[in-house]
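First the structure, in the form of structure tokens, and then the observations on it.
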Amino acid sequence: MKTRIITTLLTAVFLVTATLPANAQSTEQLFQKGIMKEEGEGNLPEAIEIFNSIVEDSEADDALQAKALLHVGLCYEKLGKNEATRAYQKLVNNYPAQKNEVAIARERLSRLILAEEKAEQIPLQPKWTKIDIPTELSWSVALSPDGKELALVSDKKLWKMPLSSKLGTNIPGAPVQINTEGVEVEWTGLSWSRDGEWIAFNEYPNFKDSTENQKIYIIPSVGGNPREIIENYRSARVINYHIGLSPKGKELAFSSVDNNEQHIFKIPTKGGKSQKLTELNAREPIYSPDGKFIAFVEDKGVGRGEGDLDLYIVPSEGGTPRKVADAEKASSPIWSPDGNMIAYHDITKSKQIFIAPLSKKNSEEKQPVSIQVPEGIEEISLLAGWTPGNKIGALMVKKQDFALYTLPKEGGQAAKILQNTYALQPRWSKDNKKLYYITKPTEGIYQHRKWYLSCVSSDGGEGEVVFKPSQRKAKQLPFQSGNRISPDGKMLLSAAYSTEDSTDIRSSWPKAKIWKIALDGSYVKQLTHQEGDYADGSPCWSPDGEKVAFVRTKLKKGDMDPYGHAAIYTIDASGDNLKLIVDEAGKWVNSLIWSSDGKMLAWMSREKGPPQTKLNMLNVYDIHKEKISKKYEVPGTNVNIEMAWSPDSKKIAFNDLEGKVIKVVDIEDGKIEDIETGLVDVKIHHLDWSPDGKKFVFGGIKGGEKEFWFVEDFLPLEKLAQNNTSEKEPEGITIKQVWNDEKVDDTGTITHDGKYLSFVDWETGDLALRNLKTGTNERLTGEGTWEEP
């Protein structure tokens, strides 16, 4: 009997243990599992998931739920997430009876709130991350809408590259080629649909004439049958080829050029008529995330950069455009995922990303904010996209090192003679003691339009300005302007444009003429005066200084089409007796040089047509026989390739297309010798042969590689360290009063204390500080030289 009672009691205890406390036992075990994930493994996301499951379990007791919620807050705090504050607050509000846990939550909550208040006073510092892409990038890439892949072009093929891999979040995975079924792809413009299903691209041009149309296609992002959408003309400028797909790929926005005007259009991708969206000259259209608007850049100059290039939006169904940001030269706009902001970069402020907040009312537009690029970056090339996680992808150019080098004619070891200077078209003085070169200001806007002549000792040193502001009426060009020193060493021969014609500032090349300028600044004369759209370039002296030879190109439609109609002329050094020497119609001609013995002219030419059929030739013209006597095929030519005769007129040197070696042609037998420089990762840029025949001089560029970066942690915009791009006018003086000299840039930078305005005198390239109270330049003397403060 006693045995049966004991057995029954044990059975009852077992049943109670097995039924009533079972739930309590399992949640406690789950809690311990969460502790193990949190403290033992450090797997905080899984620990949070476990603790939250206990909090949400209606059958768990309050004490355990309070403990679980406390650990949710602790885990979030370790992750640096704002959710920690919410977890602690929920514990305080919902579990007042659990005094121990509430006390801990209150203490940690007060600490977090204090930290957040301090953080509110600290400006945001955007975080930059470089994606370590091992291959060379083209000048146009596009980020997928989810931010995980990059569309790019290589070898006329379309690729997708995963931007992370098992090696790390900043190391790409293996690229995958998108099958375009034989259609060749050009790198000039790529665009994803917002759903990630489609990619639009430009077909690689195989036309014979640069004024022909070019096709735009769309293709499934997984590859397949490309669909031709439209064939139209967009001129020669790469920027005009940016295109935009609607969110689901049903429409394509593009620009088109006609009668020297450029407008944006949209067209159904399944076929139909195109619709003009605005009468403004415009480019670079891109759809908003909801497809209701299209952002674009106003472009008065059809790609030439005339006037301000402001940022606009227009309803995608058509309507009145609305300006959303004033900009100097806006480019590559991209929308934020929520459609409330547009990011863009400004070509004149090449180291900043700008973000324009959009207001609901036109009259309430806010000023754009800016984000500075990281150290070591020369400029932003393109904004590639804005991810759902608020990261902006940007194609950027690594900082470049520009220098001048000399090299023995036999090759070997080059010597740097000028550093940290963008030095182009170097030329020896007749006594071999100096080197003249073209350079530009390092600060201010429109630097690329403010080239001027400087010189440096051929033994090396600091460069100095040759032409003072009051002594120059002609603006030099950065390439193919000749800049040849006269036989007597006193004059400069240059293709340039007049500073007195303001229209030329915006579009200089079609107006370039030949000028003769005394190196001491005492004499300036324009030698050629052909009216219309003609470009005169590559002038050179005859050895006796009596004549000048140059290349004249007739341009089509006022455009920079180098194949318009090229011819070589001579003219007396006085500006009289213009004479046609050779008609090179249908060819692009550059780098004209006159032999030292006066018997020959030489130039490079390239024929029209697809790249695989173009012939690049070095031509030697016999002046006595009045015909081209010799032709040599060369690897290639462009505006940065220059030629120079040896002093004995038996050889011609030129920098090769790859920029690795100097090539020397023997004009008797046509043999080409490669002259090694001994330099590492330096690309040769322009050259000249010394009058004594012993040395070469050339410009060298190192760096400049394209890189892909992400920037994040820049929201909210109002917390950015630099959150206003407008420059405030100090009290008591206006910007207009400061710039009372036409030689000063039309913009400047107010110092942080508001006491000075820094600006660039574009005639000298000097940087000055204007005291805004006294109106004087405190660090620049009247002679244009620096004065120590």
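The values are calculated or read from the model by the stated rules, or taken from the named source; none is laboratory data. Since the structure is predicted, the reported quantities are computational estimates derived from the model, not experimental observations. Because the Cβ atoms are built from the backbone with ideal geometry, glycine has one as well, and the counts that use them run over all protein chains shown. For the accessible areas, the whole protein counts, side chains as well, though only heavy atoms, and no ligand, DNA or RNA atoms are used. Shrake-Rupley method; radii C 1.70, N 1.55, O 1.52, S 1.80 Å.
Across the range 136-148, not a single residue is classified as modelled with pLDDT under 95 and not in a loop (DSSP other than H, G, I, E, B).
Taking residues in the range 155-181 that are more than 18 Å from W192 (Cβ to Cβ) and touching a residue at least 24 places away in the same chain (Cβ under 8 Å), and partners anywhere that are outside any loop (DSSP other than H, G, I, E, B) and of a type outside the set (K, R), the pairs with Cβ atoms closer than 7 Å and at least 6 places apart or on different chains are K156/V185; N170/T129; N170/I131; I171/S165.
Each row is one residue, and each column tells you yes or no for (1) in contact with a Lys or Arg (Cβ under 8 Å, 6 or more places away or on another chain); (2) surrounded by fewer than 23 Cβ atoms within 10 Å (Cβ to Cβ).
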residue: I377; (1), (2): yes, yes
residue: I380; (1), (2): yes, no
residue: G389; (1), (2): no, yes
residue: I392; (1), (2): no, no
residue: Q400; (1), (2): yes, yes
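The selection criterion, being of a type in the set (D, E, K, R), open to solvent by 60 Å² or more (accessible area, probe 1.4 Å), at pLDDT 95 or above and farther than 19 Å from E136 by Cα, does not hold for E212. For the range 614-665, the set of residues classified as of a type in the set (K, R) and in contact (Cβ under 8 Å) with a residue 12 or more places away in the chain consists of K630, K631, K650, K651, K660, K663, listed by residue number. Here R484 does not fit the description of being open to solvent by less than 10 Å² (accessible area, probe 1.4 Å), part of a strand (DSSP E or B), at pLDDT 90 or above and of a type outside the set (A, V, I, L, M, F, W, C).
Of the strands (runs of 3 or more DSSP E) entirely within the range 225-271, those holding at least 2 residues that are within 18 Å of E203 (Cα to Cα) and acidic (D, E) occupy 227-232.
Just need a number here: residues in the range 215-245 that are among the polar types (S, T, N, Q) and open to solvent by 20 Å² or more (accessible area, probe 1.4 Å). So that I can check it myself, show each step before the final result.
The first filter runs over the range 215-245 and keeps only residues among the polar types (S, T, N, Q), leaving 221, 225, 232, 235, 240.
Now narrow it down to the ones that are open to solvent by 20 Å² or more (accessible area, probe 1.4 Å): 225.
Here the count works out to 1.
Determine, yes or no, whether A47 is touching an Asp or Glu at 6+ places or on another chain (Cβ under 6 Å), farther than 23 Å from P96 by Cα, surrounded by 15 or more Cβ atoms within 10 Å (Cβ to Cβ) and not polar (S, T, N, Q). Against the criterion (touching an Asp or Glu at 6+ places or on another chain (Cβ under 6 Å), farther than 23 Å from P96 by Cα, surrounded by 15 or more Cβ atoms within 10 Å (Cβ to Cβ) and not polar (S, T, N, Q)), A47 qualifies. May I ask you to list pairs of residues, at least six apart or on different chains, whose Cβ atoms are under 8 Å apart, with the first in the range 84-108 being farther than 21 Å from E49 by Cβ and touching a residue at least 12 places away in the same chain (Cβ under 8 Å) and the second being open to solvent by 70 Å² or more (accessible area, probe 1.4 Å) and not in a helix (DSSP H, G or I)? Note: pairs meeting the criteria are V102/P96. Listed conditions (1) closer than 14 Å to K215 by Cβ; (2) at pLDDT 95 or above; (3) hydroxyl-bearing (S, T, Y) are all met by Y241, apart from (2). For the range 246-288, the set of residues classified as closer than 17 Å to G339 by Cα and open to solvent by 30 Å² or more (accessible area, probe 1.4 Å) consists of K248, I286, listed by residue number.
Could you list all residues from the range 59-81 that are open to solvent by 20 Å² or more (accessible area, probe 1.4 Å) and in contact (Cβ under 8 Å) with a residue 24 or more places away in the chain? Break it down stepwise before answering.
The first filter runs over the range 59-81 and keeps only residues open to solvent by 20 Å² or more (accessible area, probe 1.4 Å), leaving 59, 61-63, 67, 71, 74, 76-81.
Answer for the range 59-81, where residues must be open to solvent by 20 Å² or more (accessible area, probe 1.4 Å) and in contact (Cβ under 8 Å) with a residue 24 or more places away in the chain: E59, D61, D62, A63, K67, H71, L74, Y76, E77, K78, L79.
Among the residues of the range 53-75, the ones that are within 16 Å of E28 (Cβ to Cβ) and part of a helix (DSSP H, G or I) come to 13 in all.
Listed by position, the strands (runs of 3 or more DSSP E) contained in the range 610-722 that have at least 1 residues being among the aromatic types (F, W, Y) and surrounded by 14 or more Cβ atoms within 10 Å (Cβ to Cβ) are 616-622, 627-633, 643-645, 651-655, 682-689, 695-703, 706-712. Tallying residues that are in a loop (DSSP other than H, G, I, E, B) and surrounded by fewer than 20 Cβ atoms within 10 Å (Cβ to Cβ) within the range 166-193 yields 13. Of all residues in the range 432-479, those satisfying the criterion of being assigned to a helix (DSSP H, G or I) and either crowded, with 16+ Cβ neighbours inside 10 Å or modelled with pLDDT of 80 or more (or both) are Q447, R449, P469. Filter the range 536-563 for residues that are crowded, with 22+ Cβ neighbours inside 10 Å and small (G, A, S); which is modelled with the highest pLDDT? For the range 536-563, the residue satisfying everything is A549.
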